[in-house]
Structures are given as structure tokens and as C-alpha cells.
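What follows is one structure encoded as C-alpha cells, with my remarks underneath.
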Amino acid sequence: MMPIRDVVIFPYMMTPFVVGRESSVRALEEAMAGDKKIFLATQHDASIDEPKPNEIYSVGTIVNIVQSLKLPDGNIKVLVEGVERGKVVTVADEEGFFRATVRTSAYKVEAGQQLDALVSRVTGLFEQYVKLSQNLNYETMIAAIRVDEPGKLADTVGANLQLTIEEKQELLEIFDPIDRLTRVAEMLDIEIEKLNVDRTIQGRVKRQMEKAQKEYYLNEKIKAIQKELGRGEKSEIDELKKRIEVSGMTPDAMEKAVAELKRLENMPPMSAESTVSRNYLDWLLAVPWKKKSKEIRDLKFAEKVLEGDHYGLEKIKERILEFLAVRRLVKNPKGSILCFVGPPGVGKTSLGMSIAKATGRKFVRMSLGGVRDEAEIRGHRRTYIGALPGQVVQMMKKAATRNPVFMLDEVDKMSMDFRGDPSAALLEVLDPEQNFMFVDHYLDVEYDLSQVFFIATANVLHTIPPALQDRMEVIRLSGYTELEKMEIAKRFLVRKQTEATGLSKDQIEFADSGIAGLIQYYSREAGVRNLEREIGNVCRKVARQVVNNGSGKEKKQLPKAVINGEKLPDLLGPWRFRDLEVEKKNEVGSAVGLAWTEVGGQLLTVECTLMEGKGKLTITGKLGEVMQESAQAAMSYIRSRAHLFGLPRDFYRNLDVHIHVPEGAIPKDGPSAGITLATTICSALTRIPVRADVAMTGEITLRGRVLPIGGLKEKLMAAHRHGILEAIVPKENEKDLPDIPDAIKQTMKLNFVESMDEVLKIALERELVALPMPPGNPAMETHPVEETRAH
């Protein structure tokens, strides 16, 4: 017995192999000295040089040694022919080699249709296998399987299949020829399927290689033709390399660009990967790395530009001039990040364009309204098909300079969904401490945004995340006053619309009363968009009259159309808005308050009436919760000081009080009507009329203190517009006087008050007469203002 490795010998097969182990050589010599028969069995592990009997398969093949040849290196080359399979019964180690007792089994196979069908199937499958395999000769193999014995057929086919040692050993151990033939058929099915898959893959690879070779050949031919035409040998790669060298990229970006260029050079020009790499390099080179706009730091020029483009907006103009002054003193200042907050139409976007013009920078605008994908800011990674950089990098490419004025429009209208939160991505862009190393997902290199002048615009602040607000300097733009709208219309809007409609100065003229009428009765807004629209409407109607007048000989000379307040209803129809009618005479239970709206200040009439009842307080006029609470606070204040107002202590037990604020369809809210509500209730209870020529605003506390309010400028302008020349204002709002136009301060009398007592002294026609305070009623005790302040 001789163990063999990495081969399984089947009966009827002629197999050559080399014998080198000492024990195997002795066993071979012993067999050659006898009947030239030897039992060959495969060992489990081919790496073991001297296997033990239990490390050798028990089933092997008895073979005849046909030929042996001793080689110069001491090994013996042997050719053996398999005779029959056998199974080891016992193994003995004799003089350095194994001697085994082997049992053989002879199976008699009965002929029949089933056997014939199985033989035919195996023969057909093997023919198919030989055709698909490139390692077997078709004629030789077909001749080899033309045998009558099923067992011999199974062994011949099994020996020629590309099987593992374990699979061949499994076949060898099947003694029954029918079972062996069935197993061979199963293995043939599997091997044929493998060969079919391999053939499909090889065909596909071959086609791809042929296509690549064809492209390469054609590209080389194109290069040769271009060379013959004298177009030069300078390749696209060389051009890209030169552009990279002079681009001024950071070392990190330069390293990435050079590596990508090398990859591109080794790719087939028409492949999809080369397109991706080329696009990436194009974007890296398109972004400005060192080019900067030369700044205009002349403060007088900037002031002239700002004044010429916008009327008013003094605080913003001051901030911009301060920014320019700092840049004159500091060599490398960081970019500023401003946020303009104000109602629509007040000129936030156009102001950004004016800043760019005043500073000599390029202007780019990115609209964030409705953006909900974080990739809009940071871009997509290059692994995605059709990936692009984010809008920040795209706008920098459009600007073509490192220091543009970059407007982030409608920053308050971003939203978020499963794709991410774009406002969180903006945190890095708008942080001066981080944006010098902004990383776009597509470029994947750090890009410096610190030289950019960012300007964000918003209508409201409460929808902007606090972290984002913290990174911006918020500048509020309140709505324009009527005087400012008048000036804007005269300086800009009228000229713009007359030019847009093709009219000349000889054909149309807007009188001040006409512009004032458009502002008051046809456009109720904080900005000037609707005002411009209405001026355009008037111009179009006049243009139609000019065209209808005829042309040539029939043309008549029309007089200049002077647009005044009287002509507006004929041109635009009836008034769309009206002002609240103010009482001309002093009334009991009626006071004039002042309210702030997004479109400016408004007068607010508050009415109060008394009815028999049980002390119920009714509040109507579509008032919000805060305003209703102010009315309740005013009522509690009056009840607590009833004796000072000349009222009995229990006056409220038999009375119902109804407070109403006219124009009930319009929602109203806020605490600033507190003193107006208290004055109205007090007037109704004491039957003392309220002065109709006094307007008031201020928040009230239960102890009668008057607290400050907002929007004082707009409120006083509303009073002034309606001819009310005296107002009651909280003392703490005295700090807002610098913002009030001089025309109002000179014509209006402003009463600054700290307590409700002062309000009533000014607002009522005559002073209140107090009743003696009932003894032992702590709830009715008064609290002086000084003591209230301490509380």
C-alpha cells in the first residue's frame, strides 16, 4: 500500500505520477519485485509527509505498475493503470512501508431500460461538458466513453471532470455502478451550469475589452490626425495641469487635484469614471481660490451710492459705513455677517445690491425659501450619479471672486425633513470662527469663506433657530412711514414706472395729494411694492388714453395728466382702505388709543358702555388673549381704587361692563392698549368725557403703573396723520425720542407718564373727586408709585 497526495486514481485509468518519499519508494520496489500490483489510497492532508493509517482514506484503487523510471534526483516516475477499487481491512507497517489487506466487491448489473436511459443521459451530458470545456479533446473523450460497462463509464467520466479531491473520493467510495452513475449525472449537471456561467462572463468581458481596445485605437488615430493637421501635440491633460499650477489652490486642494489628474490620465477617455473625474477637476478649477475684487473703501462714495439708491434706513447705512471704516484701518479683517429683518417690500434685497455697489464687490444671491435638503448647502458626495456641489460653492463660482457680497434671501423660510436640516448646515457657513475651512461634500477640500460679506434677509426672527441667530448681527428694518413712502415714490417709483410704460414728463405728473392718496387709500403695507404697483396701474391707464388719442394727422395734443387725490377714484375705483373716523367732540366711555401694525401705526378707538347686571365684564372686537387680560387688569385696577374715582365700593355688583374695539373683523392683540382701556372704563363709570384730541398708548399694571411699549415712531405718526397733536406716552419710552421725526416732535405735545393717575388727569375733561375711604378695608389701600416701583 502506498499513500498518494492531491490525486485520486480511478479504475481503468492510466495515470502518471512521481514517487519521492522513502516509504513510498520501498513499497514500489516491493511491488515491482512481485506481481507489480500495489494499492493506492489518497491521504486526507497533502501537507503531511509521513501519514499514519488513520490519516489515509480507507477506499482506494488496486493498480498495475505499467512503467517506472528512476530520475537523476532519486525520485521515481511511475505510470499505473487502475484495476479495481478496494477497501482496507487491515494495515501493517513492514520494514518502512505499509502492507494492507484489501477487500474488493464485484457488483453484477442487470441490463434494462432504466440503465440504458441513465447511460444515455450521462453520455449526452459528458459530450455537452466536453464541448463547453476548453481543457479536453472532444474526439479522445468521446472515444473513451464508448464502453458497455456502466461502472467503467462512471469511472471514466469522473476521472475527467474538474472536481475537488473530496468529490472524486466520494465517487471512488461508491461501489454500486448504478449509484455511481447517478451521482456522476448530478455532478455533470452542476459542472455544466458552472461552465455556462463562466462562458457568459468571459463573453461579456471579451466584448468590453474589444470595445475598450476599439476606443483606444480610435483615440490614438484622432491624435495622429490632429498632429498631421498641425494642431499641436499639447494634450488636454497638460492644459489641466497648467491650470492647476496657476489656480492658487491650498496645498490640500492642490494635492487632491494632482492625484485626480493622474487617475484621469490612466483612464480610457470615453469611460464613465473619466467623466466624473473631469467634472470634479472642472469644479475645483472653477471656484475662485485667489482672485479678489478690489474694494472701494471711500466712505464718501459709499455714502453717496447708498443715499442715491435708498431713502431713509439711516441705521443700516451707518452700519455699512462703519464696516468700511474698519476695513480701511485693518489689513485683513474677517467678513461680516448681517441679518436684515423686516416686513416684505422694505428693500432688504435691493439694499444688499447697493452694498455690493458701494464696496465695489460682486453680488450673488441665493434664495433659501422652501429649501429643505441639507445637500443644497453642502452638496452631494461624488459617489452619487449627477452629484454637484452645494449652492454656496456654485454661487462662489458665479461670483468668480473670493470676497463677494453673498445674500442669503428668506433665511426664515427654510424647513427640514428626512433629508436633513439646511439651517444646521448654515451654522458652519455663517460662523467667522469656522467658515475659513468650509468643506463641501462634493469638493471634499477646505474652502475659505472668511472674506465673504454675508447678508441674510428675513421677515420674522422666531422661525430662525437660536444658534443661527447668534451667528448674525440682526438689523431691524421697520416699515416706512408715510413721509418716507412719499419721498421714495417721488425719487424712485414714479420715474421707474413712467419709463416702464413709455410715458414722458410732458404726458404725466403725480401731485403730492395723488401720491398721498395712493399711500393712504390704495396700498396699506409696510414696504412700497403695492404702492409701486398702483403707480404702474395709473401710468398704464394714462398710456392707454395717449394711444387712443390717435396718431399722425388725427393725433390731438392731450394736456398733461396731473394725478391728484380727486382723480384716483376715477382711475383706480373706490378706496380700498379707509382710516378710522375719530370723534370730533369729547365723549363719555370713548378713548383714542394707538396701535402698531406691520404696515405702520393705526388709531384704535375703544368704547365702553354700562348696563344693569351682576358685575359681568364683556370684551368684544376680536381681541387676543393679551388684550383681554389687559382689560381685566384695567377693571381690577379701577375696582381697587373706586373711592379715589368717586365710586361706591360695591359699584360693580349691579352693573355689567361691555368693552368694544371697533372694526371687529380685524384681529387685535398686545398689552399697549392698557391705559386706553382703563381710561375708557373710568370715563364710563364716572360719566366724565374723555378728550377727543388726545391719543394714548401704554401697558397698565394692577397697581396703576404705566409700562413701556414698542413701535412708538409709527404710532405717533398715525396720530399726527389724523390731526391729533397731543399724546400720552410711557415715561420709559423717552429714550425712543431720537427716532421720532423732527416734524412730529415740533408739532405734537408728548406727555410722558409713569402712573395711571397722571393719565387720567390729562385725558379726562375734569379731575376726579374722591370719596372718603371706608375704614378697615386693606384691599382699597393705595400704593404710591415709588412703593410700586420697589415691588
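The values are calculated or read from the model by the stated rules, or taken from the named source; none is laboratory data. Keep in mind the model is a prediction, meaning the values are calculated, not measured. Here the Cβ positions follow ideal geometry from the backbone for every residue, glycine too, while neighbour counts run over all protein chains shown. In case anyone asks, the SASA skips ligands and DNA or RNA and just uses the protein heavy atoms, side chains included. Shrake-Rupley method; radii C 1.70, N 1.55, O 1.52, S 1.80 Å.
Here are a few things to note about the model shown:
- Along the axis of the charge dipole computed for region 127-257 (Cβ charges of +1 for Lys and Arg, -1 for Asp and Glu, origin at the Cα centre), the listed residues 156, 219, 134 are led at the positive end by 219.
- Residues whose amide H comes within less than 5 Å of that of residue 414, counting only those at least five positions distant or on another chain, are 370 (H built at 1.01 Å from N in the peptide plane).
- Counting only DSSP H runs of at least 4 residues, each contributing -39500 (n - 2.57), and dividing by the residue count of the chain, the helix-based mean residue ellipticity at 222 nm comes to -12500 deg cm²/dmol.
- Kirkwood Rh, angstrom, region 10-104 [1 / mean 1/r, Cα pairs]: 13.7
- A 1.4 Å probe over all protein chains sorts 660, 643 by accessible area into 660, 643, starting with the largest.
- Accessible area of region 1-136 divided out per residue, in Å², using a probe of 1.4 angstrom: 57
- At a probe radius of 1.4 angstrom, the accessible area of region 199-310 per residue rounds to 74 square angstrom.
- Cα-based helix-to-principal-axis angle, 674-686 vs the chain, degrees rounded to 10: 40
- Modelled this way, with points 7 Å down the Cα-to-C-beta line, the labels at residue 7 and residue 586 are 13.2 nm from one another.
- Region 652-777 - accessible surface per residue (Å², probe 1.4 Å): 44
- Largest to smallest accessible area among 768, 483 [probe 1.4 Å]: 483, 768
- Full extension of the chain between residue 628 and residue 189 yields a length gain of 149.1 nm, computed as 0.36 nm times the residue separation minus the alpha carbon distance.
- The string of couplings for region 305-320 from the Karplus curve (6.51, -1.76, 1.60, θ = phi - 60°) is 5, 5, 5, x, 8, 9, 9, x, 6, 5, 4, 5, 4, 4, 4, 5 Hz, one whole number per residue in order, with x for Gly and Pro.
- Relative contact order, percent, the chain [alpha-carbon distance under 8 Å, six or more residues apart]: 7
- With DNA, RNA and ligands ignored, accessible area of residue 596 (1.4 Å probe; Å², nearest 10): 130
- Descending by average beta-carbon neighbour count within 10 Å, the peptides 385-395, 730-740 line up as 385-395, 730-740, the highest first.
- For residue 49 and residue 209, the FRET efficiency from 1/(1 + (r/R0)^6), where r spans their Cβ atoms and R0 equals 60 Å, is about 0.85.
- Put simply, the amide H of residue 508, placed in the peptide plane, has neighbours under 5 Å in 561, leaving out anything fewer than 5 places away on its chain.
- Separation between Cα centres of region 628-689 and region 385-444, rounded to whole Å: 54
- Near residue 340, the amide H atoms lying under 5 Å from its own belong to 456, 457, 458, 475; only residues 5 or more places off or on other chains count, and H is placed 1.01 Å from N.
- Proximal lysines relative to residue 348, as straight alpha-carbon distance under 18 Å, when same-chain residues fewer than 8 apart are discounted: 315, 317, 357, 362, 413, 485
- With Cα atoms as the point set, the radius of gyration and Dmax of the chain evaluate to 50.2, 150 Å.
- Restricting attention to the chain, close to 55% of DSSP beta bridges with both partner residues there are antiparallel.
- Here the chain exposes an accessible surface that is 51 percent carbon and sulfur, computed with a 1.4 Å probe and the other protein chains kept in place.
- Computed on the Cα atoms alone, the convex hull of region 412-522 gives a volume of 206 cubic angstrom per residue.
- Fully extended contour minus Cα-Cα distance, from residue 650 to residue 693, at 0.36 nm per residue: 12.2 nm
- Estimated distance in nm for a label pair at residue 505 and residue 300, the labels positioned 7 Å out from Cα along Cα-to-Cβ: 2.7
- Angle between the chain longest axis and helix 348-359 axis [Cα atoms, degrees, rounded to 10]: 80
- Cα centre as origin, Lys/Arg/Asp/Glu Cβ charges: region 292-365 dipole, Debye: 460
- Solvent-accessible surface (1.4 angstrom probe) belonging to residue 687, in square angstrom, nearest 10: 150
- Euclidean distance between Cα centres, region 55-71 to region 695-728, Å: 117
- A simple charge model with +1 on the Cβ of Lys and Arg, -1 on the Cβ of Asp and Glu and nothing else charged puts the dipole of the chain at about 4080 debye relative to its Cα centre.
- Heavy-atom accessible area with a 1.4 Å probe sorts 412, 669, 506, 189, largest first, into 506, 669, 189, 412.
- In sequence order, region 564-571 has phi-based couplings of 10, x, 6, 7, 4, x, 5, 8 Hz under the Karplus curve 6.51 cos²θ - 1.76 cosθ + 1.60, θ = phi - 60°, and Gly or Pro positions carry x.
- Accessible-area value, residue 752, 1.4 Å probe, nucleic acids and ligands omitted, Å²: 50
- The string of couplings for region 632-640 from the Karplus curve (6.51, -1.76, 1.60, θ = phi - 60°) is 5, 5, 4, 5, 5, 4, 5, 5, 6 Hz, one whole number per residue in order, with x for Gly and Pro.
- Degrees separating the helix 251-266 axis from the principal Cα axis of the chain, which is the longest one: 40
- Cα principal axis extents for region 271-367, largest first, Å: 60, 36, 20
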